[in-house]
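Worksheet: one structure, shown below.
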Amino acid sequence: MVIEHNGSPLIVVSKDHGGTGRGQAVIKLGLKHAVTGARSNERFRGSESLEVMVLAQNEYQFLYMDGDTVHLMDMQTFEELTMGVDTFDGSKEHLALLEDGMTVTVKVLVPEPGPISWRLPLRHTYKVKSVDQSIEKDKGATYVNAVLENGAQVKVPSFIRPGESVVIDTSQLAYVSRA
């Protein structure tokens, strides 16, 4: 949920409802600024009202990266959107998983301030370029390092061979299954 408080869009991270036996109810909210990412805690009385904002999640296609800027295209209107790498929901090592034509999700606050962040799909299929050889005497499920065609490195089971397609969980950089 996103609320507007003191003219700023804030994402509700946590909430706690409480109160004393005699007084009014108090709602404690853990908030994160939607644009800057700054965290704060606020208390509200039960009688106070807040404006709820609309947070839309739109699908865009990744076109290319130019330094610290990514270029995305809305597949319905074919409009190009540029966003900074600093607005990426994830760590810098996850950026290596970006591929041309990949569908990414952009969080947009309606009507303003507009696009605030973007993230990779939860799972995506990649082609394996090379795999480290495992030791033959290992028994059971062993994982080896693999390099994907886009240069990203992940651990895959030892039965995966170069040229195969694998499904990767992009949030944890983890092997899920064969494609």
(message) Please report the spacing between the Cα centers of the range 105-123 and the range 52-85 in Å, no decimals.
(response) 8
(message) Spelling out what I want: for every residue of the range 152-159, take phi, set θ = phi - 60°, compute 6.51 cos²θ - 1.76 cosθ + 1.60 (Karplus), and round to whole Hz; glycine and proline get x.
(response) 6, 10, 9, 9, 10, x, 5, 7
(message) Just to check I understand the Karplus step: with θ = phi - 60° and J = 6.51 cos²θ - 1.76 cosθ + 1.60, what whole-Hz values come out for the range 73-87, glycine and proline as x?
(response) 10, 6, 6, 7, 9, 6, 7, 8, 10, 10, 9, x, 5, 5, 8
(request) Quick one: compute a quarter of the convex hull surface over the Cα atoms of the range 55-179 and quote it in nm². (result) 8.5
(request) Report the far tail of the P(r) of the range 1-116, meaning the percent of Cα-Cα pairs longer than 21 Å. (result) 49
(message) Take the chain, mark every one of the trypsin sites (Lys or Arg not before Pro) that falls in a DSSP loop and has at most 13 other Cβ within 10 Å, then report the longest stretch left between them, sites excluded.
(response) 23-136
(request) Pull up all non-local amide H partners of HIS124: gap of 5 or more, or a different chain, and H-to-H distance under 5 Å with H placed in the peptide plane. (result) ILE168, THR170
(request) Apply the Karplus parameterisation 6.51 cos²θ - 1.76 cosθ + 1.60, with θ equal to phi minus 60°, to every residue of the range 120-130 and state each ³J(HN,Hα) to the nearest whole Hz, in sequence, with x for glycine and proline. (result) 6, x, 5, 9, 8, 9, 10, 9, 7, 8, 8
(message) If I build a Gaussian network model for the chain, linking alpha-carbon pairs within less than 10 angstrom, which residue out of HIS94, HIS17, HIS33 has the largest mean-square fluctuation?
(response) HIS17
(request) Please return the longest stretch of the chain lacking exposed loop sites, where GluC sites (Glu not before Pro) count only if DSSP places them in a loop and at most 12 other Cβ atoms lie within 10 Å. (result) 80-135
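No value in this document is a laboratory result; all are computed from the given coordinates. Since the model is a prediction, treat every value here as computed from it, not as a measurement. FYI the Cβ positions are ideal-geometry reconstructions off the backbone, even for glycines, and counts take in every protein chain you see.
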